[in-house]
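Notes follow the structure.
The values are calculated or read from the model by the stated rules, or taken from the named source; none is laboratory data. What you see is a predicted model, and the numbers here were worked out from it, not measured in a lab. With ideal geometry, Cβ positions are generated from the backbone for all residues, glycine too; neighbour counts draw on all protein chains shown.
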Amino acid sequence: MTGRLRRLIAALNSEKRGITGLETAIILIAFVVVASVFAYTILSAGIWSSQKAQETLYYGMKSAGGGLETRGSVVAVGNSTTQTVDFVIFTLGTTLSGAIDFTPPTDRDGDHLPDPDSQHITCIQYHSSQEVCYDLTYDTQLKGWGDGDYILETGEKFEVTVDLRGLLYPLRPYDTISLTVKPPTGSVMQIQRTLPSDIGQVICLY
């Protein structure tokens, strides 16, 4: 009788050990699953942050590479009879590396302003206290070395001739020429020059 009771108690004790081991295993598995989820979340956040940093760096380099700068003086072509300015001429080059499309606007109707369906993508804007023109007609000419297209690339120089004859208020003596060159990418470039008291045929504005 005593031996049978001992065997029964031993069996009960072994069953409790089995239940305790199963519960422990479940808890450990739960910990592992939760830790895996947290690790995956942290890893995904790190990858996303790295991609965003790379995109930001790439965009910054692209913007810097798409910068413009003037090479030389700004020249105004005027009409000495009417004392007004018809054209502004300047030479542009790129800073660092980059390529900017300077395909000229079309002007089929002869109003000295770009056609509504013109395919140009770089715009030149004029503004003054009297008038704002968001898109002017211009022409480009390669100066020096280049491949002959309308894409301004590293090492190339374009002479840009801006037509101001479409303005409602022509530029006169002491007026300020304010032009903004807006390429499709990169930073814009502003050109500001003040006209002298007398407008001749060619005026160097430095």
Only listed residue being over 14 Å from Val162 (Cα atoms) and either modelled with pLDDT of 95 or more or in contact with a strand residue (DSSP E or B) (Cβ under 8 Å, 6 or more places away or on another chain) (or both), chosen from Gly67, Gly60, Gly46:
Gly67
Yes/no for Thr185 being more than 21 Å from Gly78 (Cα to Cα), touching a helix residue (DSSP H, G or I) at 6+ places or on another chain (Cβ under 9 Å) and outside any strand (DSSP E or B)
yes
From (1) over 24 Å from Asn79 (Cβ atoms); (2) in a loop (DSSP other than H, G, I, E, B); (3) of a type in the set (Phe, Trp, Tyr), pick out the condition that doesn't hold for Tyr174.
(1)
Given the conditions (1) over 19 Å from Pro184 (Cα atoms); (2) touching a Phe, Trp or Tyr at 6+ places or on another chain (Cβ under 7 Å); (3) not in a strand (DSSP E or B), which single one is not true for Leu142?
(3)
Look at Leu136 and say whether it is modelled with pLDDT of 95 or more, assigned to a loop (DSSP other than H, G, I, E, B) and touching a Gly at 6+ places or on another chain (Cβ under 6 Å).
no
Only one of Leu164, Leu195 is within 23 Å of Thr106 (Cβ to Cβ) and in contact with an Asp or Glu (Cβ under 8 Å, 6 or more places away or on another chain). Can you tell me which?
Leu164
Taking segment 136-175 and keeping residues of a type outside the set (Lys, Arg), closer than 23 Å to Leu195 by Cα and more than 24 Å from the chain's Cα centre (by Cα) leaves Thr161, Asp163, Leu164, Gly166, Leu167, Leu168, Tyr169, Pro170, Leu171, Pro173, Tyr174, Asp175
Subset of segment 136-154, residues farther than 16 Å from Phe87 by Cβ and surrounded by 14 or more Cβ atoms within 10 Å (Cβ to Cβ), comes to Leu142, Lys143, Gly146, Tyr150, Ile151, Leu152, Glu153
Quickly run through segment 145-161 and pick out the residues that are over 23 Å from Gly110 (Cβ atoms) and part of a loop (DSSP other than H, G, I, E, B).
Trp145, Gly146, Asp147, Gly148, Asp149, Thr154, Gly155, Glu156
